[in-house]
Amino acid sequence: MTLHFSAPLGLGGRMTPPPDKSITHRALMLAAVSKGECTVANPLAIGDCLSTRGCLAALGVNIAEEAGGAGKPARWRIAGRGLRDLAEPAGVLDAQNSGTTMRLLCGLLAGLPLYAVLTGDGSLRSRPMLRVVEPLRAMGARIEGRAGGRLPPLSLLPGGGSLAPLRYELPVASAQVKSALLLAALRAEGESSLGGQLGSRDHTERLFSFLGVPLRRERDRLICSPPASIPAFELRVPGDPSSAAFFLAAALISGRELEVDGCGLNPTRLGFVEVLRRMGASIQLEPQESQGGEPVGRLHLRPAALQGTEVSAAEIPSLVDEVPLLAVLGAFARGRTVVRGAQELKHKESDRLQAAARLLAAVGGRMEPFADGFAVEGPQQLSFGRVDPGGDHRIAMAAAVLASGIPAGVEVRGFEAAMVSFPDFLGAFRALGGKIE
């Protein structure tokens, strides 16, 4: 799908982002090991989350779908099988392109009395897994894989149903690793304790608290006690702030106001908002309710002249999905925008640091690359260009955002990649004033 994006009058107005991908994954997995029937309303029913759903179905989890309509969201009803009663799959579990699916399933399945093989597409089979495999092995899980477990496919060999308690220092701030270990801790024979780099998004911790799982924070450690069971629950998935970020950036570039309704306002996901404020934007947050332990509400952005800023390594975990947008915004801001500590982006659906450089180069822009980030000097004179996102959904959408500041627009090849996280991006782009040909 090759599309030409333009926005002669800019992009602004009012929007509701698609359901949060991270929360959908975690709600599905916890529902699968609950005791009873769970309801997950407003799930992200596309892309990576369908990979998780498919793998859970192969593990014997019954998931029924109810279509939405008349203002009501779609709903998934999940019949939980309990913490230790997932079924041995008849075939290979295919996570496709979803690193979240593979890493979290490692924690969910580790030590269970079943044999399972986890694989994915070519991109996923090149992504590092030892950061999950090693601590799970320390809990007694038997996991084998290519390059000693560093790369998929991964084979999880049958265990006794329980694991040894874990005390572990996270070497990198990774929500996927942290979540995988917390899921494994649900079946440990005693308290597990995590320290080190805990400053990543905390959706799993919030869901644990929402469900009454014994989890506490003591100084600089997370301590989880295994529950007897996970109760059945109902949860509505809030809007994804990482998806809303694309139109926040576009509105800023356009000099337009934007209101985002029904958006998750989890503080560990709002690093991008804080950076936008440093760059000159006025953004008001209005919390309205709590859903599954997550604050949900409205964002109201008023634009201003963009100024360059510096983003430190400590901020990256709270805006890791938005880093390519910082390169785009830097090209329109006055002064120098610098991002450091973002080397984790080399291991996403693509090497997003290189992809961001190619993105700017396609429209005549320039980016100074670093081993762990980049610098962009602005404002730059950008012009029409053709972008190939290489199958990466966030690069595809960042390319469309560029069109809000380039009179002749941007052509994006393979834009269907964006559908894995934002299925109605095209509708939102048009509704906010953009043109697509």
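The values are calculated or read from the model by the stated rules, or taken from the named source; none is laboratory data. Remember, it's a predicted structure, so these values are computed and weren't measured experimentally. For neighbour counting, all protein chains shown are included, and Cβ atoms are generated from backbone atoms with ideal geometry for every residue, glycine included.
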Checklist (1) in a loop (DSSP other than H, G, I, E, B); (2) over 24 Å from residue 278 (Cα atoms) applied to residue 380, failing item: (2)
Criterion (touching a His at 6+ places or on another chain (Cβ under 9 Å) and of a type in the set (Lys, Arg)) met by exactly one of 256, 278, 302, 269: 269
Test: residue in the range 377-394 that is under 16 Å from the mean Cα position of the chain (by Cα) and among the acidic types (Asp, Glu): yes
First in the range 195-216 and within 14 Å of residue 317 (Cα to Cα), second anywhere and surrounded by fewer than 21 Cβ atoms within 10 Å (Cβ to Cβ) and β-branched (Val, Ile, Thr), Cβ under 6 Å, 6 or more apart: 197/172; 201/268; 202/268
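Pick from the range 1-47 the residues that are in a helix (DSSP H, G or I) and touching a Lys or Arg at 6+ places or on another chain (Cβ under 7 Å): which of them is farthest from residue 319 (Cα to Cα)?
It comes out as 32.
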Selected residue (criterion: farthest from the chain's Cα centre (by Cα)) from residues of the range 115-141 that are surrounded by fewer than 22 Cβ atoms within 10 Å (Cβ to Cβ) and under 19 Å from residue 91 (Cα atoms): 115
Residue pairs meeting the criteria (Cβ under 7 Å; at least 6 apart or on separate chains; first on the phi > 0 side of the Ramachandran plot, in the range 250-276; second part of a helix (DSSP H, G or I)): none
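Out of the range 389-409, which residues are in contact (Cβ under 8 Å) with a residue 40 or more places away in the chain, over 15 Å from residue 9 (Cα atoms) and of a type outside the set (Gly, Ala, Ser)?
392, 393, 394, 395, 397
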Within the range 362-385, tally of residues that are at pLDDT 95 or above and within 27 Å of residue 97 (Cα to Cα): 1
In the range 161-187, the residues that are buried (at least 20 other Cβ atoms within 10 Å of the Cβ), part of a loop (DSSP other than H, G, I, E, B) and of a type in the set (A, V, I, L, M): 166, 173, 186
Residue in the range 341-349 that is surrounded by fewer than 22 Cβ atoms within 10 Å (Cβ to Cβ) and either among the basic types (Lys, Arg) or in contact with a Gly (Cβ under 6 Å, 6 or more places away or on another chain) (or both) present: yes
Residues of the range 410-437 that turn out to be outside any helix (DSSP H, G or I), modelled with pLDDT under 95 and crowded, with 20+ Cβ neighbours inside 10 Å, as a count: 2
Among the candidates 158, 135, residue that is in the same structural domain as residue 201 (by TED's automatic domain parsing) and assigned to a helix (DSSP H, G or I): 135
Failed criterion for residue 148 (all others in (1) in contact (Cβ under 8 Å) with a residue 60 or more places away in the chain; (2) more than 25 Å from the chain's Cα centre (by Cα) hold): (1)
Every residue from the range 87-114 that is assigned to a helix (DSSP H, G or I) and either of a type outside the set (Lys, Arg) or surrounded by fewer than 24 Cβ atoms within 10 Å (Cβ to Cβ) (or both): 99, 100, 101, 102, 104, 105, 106, 107, 108, 109
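Just checking, which of 50, 56 is crowded, with 22+ Cβ neighbours inside 10 Å, free of Cβ contacts under 8 Å to residues at least 60 places away in the same chain, in a helix (DSSP H, G or I) and under 21 Å from the mean Cα position of the chain (by Cα)?
Being crowded, with 22+ Cβ neighbours inside 10 Å, free of Cβ contacts under 8 Å to residues at least 60 places away in the same chain, in a helix (DSSP H, G or I) and under 21 Å from the mean Cα position of the chain (by Cα) holds for just one of 50, 56, which is 56.
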Neighbours by Cβ (under 6 Å, 6+ apart or cross-chain): first from the range 418-437, more than 20 Å from residue 255 (Cα to Cα); second of a type in the set (D, E, K, R) and not in a helix (DSSP H, G or I): none
Residue match in the range 65-77 (condition: among the aliphatic types (A, V, I, L, M), in the same structural domain as residue 419 (by TED's automatic domain parsing), part of a loop (DSSP other than H, G, I, E, B) and within 21 Å of residue 244 (Cα to Cα)): no
Long-range neighbours under 9 Å by Cβ, at least six apart or interchain, first residue over 14 Å from residue 325 (Cα atoms) and assigned by TED's automatic domain parsing to the domain that holds residue 324 within the range 370-385, second assigned to a loop (DSSP other than H, G, I, E, B) and of a type in the set (D, E, K, R): 370/340; 372/340; 377/366; 380/366
Residue 313 being under 21 Å from residue 402 (Cα atoms) and of a type in the set (A, V, I, L, M): no
Out of 355, 327, 375, 361, sole residue that is assigned to a helix (DSSP H, G or I) and surrounded by fewer than 23 Cβ atoms within 10 Å (Cβ to Cβ): 361
